[in-house]
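Below: one structure, written as structure tokens.
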Amino acid sequence: MLLKDKVVIITGGAGLNGLGFASARMMAEQGASIVILDLARAHPEDAAARIGAQHLGIVADVTDKSACERAVQTALAKFGRVDVLVNNAGITQPRKTVDISIADYEAVLDVSLRGSLYMSQAVLPAMQAAKSGSIICISSVSAQRGGGIVGGPHYSAAKGGVLGLARAMAREFGIDGIRVNCVTPGLIETDIMKGLIPDDKMRHILDQIPMNRLGEPSDIAGCVTFLASSLSKYCTGMTLDVNGGMLIH
């Protein structure tokens, strides 16, 4: 198994049709112990139990630094280590530039960007002590193409910030044996996508994707599992595009 005896924390992982839960399930199949973090209304304990009784669900808001620290300490108390962090939590809003309110901007930037920073800060001491670790940040094709599909410009900005943060951390912590990489999903069939794209627009989008389909959560999960495992042991500061060829130039 690729992740035997590894402990993985995944933020925003309780949505059963989401990227986080798909990644959690696949990594558990590869031998990892999983800790799912999410808001109370998402019921992370139930999501973890669906994967197996040995896994852990914790209610935590990634925009709250102390909540992130408490969640990591709870994981360490149960499992004794943290080997992998998947910064998956994020929200999106379909807004035009002039329509983005202060509250919109803060909500989207806080979850994706501030949350990735706070959770990374919380796990880094344990990873540094172990001289080993993998942090995987979920960005988006929106950051690379300048939005234009579902999320507004503030979503593109947040996910672009995630790319910069991950690369900076990769430079800083490589000496400690800690790898930091990003995955940039294209359009993936998750609950967040339902009803947002009319059929005629969807047909046009699919025509621009060489593989002529939307991605599935398992497509992202496979790449996350790769970056969490020793198969990617010489990969850091990397952005792994998973978009069916959408960005081929």
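When a/c is below 1.5 the answer is rounded, else prolate if a/b is larger than b/c, else oblate, so apply that to region 30-91 with a ≥ b ≥ c taken from the square roots of the Cα gyration tensor eigenvalues. Verdict is oblate for region 30-91.
Pairs over the 25 Å Cα-Cα cut-off, from the set K6/K159; K65/K96; K78/K131; K131/K159; K78/K159: K6/K159; K65/K96; K131/K159; K78/K159.
May I ask you to list, by number, the DSSP H helices of the chain whose Cα span along the axis is at least 18 Å and whose average Kyte-Doolittle hydropathy reaches -1.0 or more? Those that pass (Cα extent of 18 Å or more, hydropathy at least -1.0) are 65-79, 115-130, 153-173.
Shape of region 90-227 from its Cα gyration tensor (a ≥ b ≥ c, root eigenvalues): rounded if a/c is under 1.5, otherwise prolate when a/b > b/c, or oblate?
Oblate, since a/c reaches 1.5 and b/c is not below a/b.
The dipole here belongs to the chain: it is taken about the Cα centre, uses +1 on the Cβ of Lys and Arg and -1 on the Cβ of Asp and Glu, and is about 500 debye.
When the chain is treated as a GNM with alpha-carbon contacts under 10 Å, the residue of P198, P185, P153 showing the greatest mean-square fluctuation is P198. The modelled label-to-label distance for the pair E29/A129, using points 7 Å beyond Cα in the direction of Cβ, is 3.4 nm. The aspartates and glutamates whose alpha-carbon is closer than 18 Å to the alpha-carbon of K4, local same-chain residues fewer than 8 away aside, are E29, D83. Compute the Cα gyration tensor for region 1-128, then decide on rounded, prolate or oblate, letting a ≥ b ≥ c be the square roots of its eigenvalues: rounded whenever a/c is under 1.5, prolate when a/b is larger than b/c in the other cases, and oblate in all that remain. Cα axes put region 1-128 in the prolate bin. Using the rule -39500 (n - 2.57) for each DSSP H run of four or more residues, divided by the residues of the chain, the 222 nm mean residue ellipticity is -13000 deg cm²/dmol.
Each value in this text was obtained by applying a stated rule to the coordinates, not by laboratory testing. Note that the structure is a prediction, hence the values are computed from the model and not measured. Note that we place each Cβ from the backbone using ideal geometry, even for glycine, and neighbour counts take in every protein chain shown.
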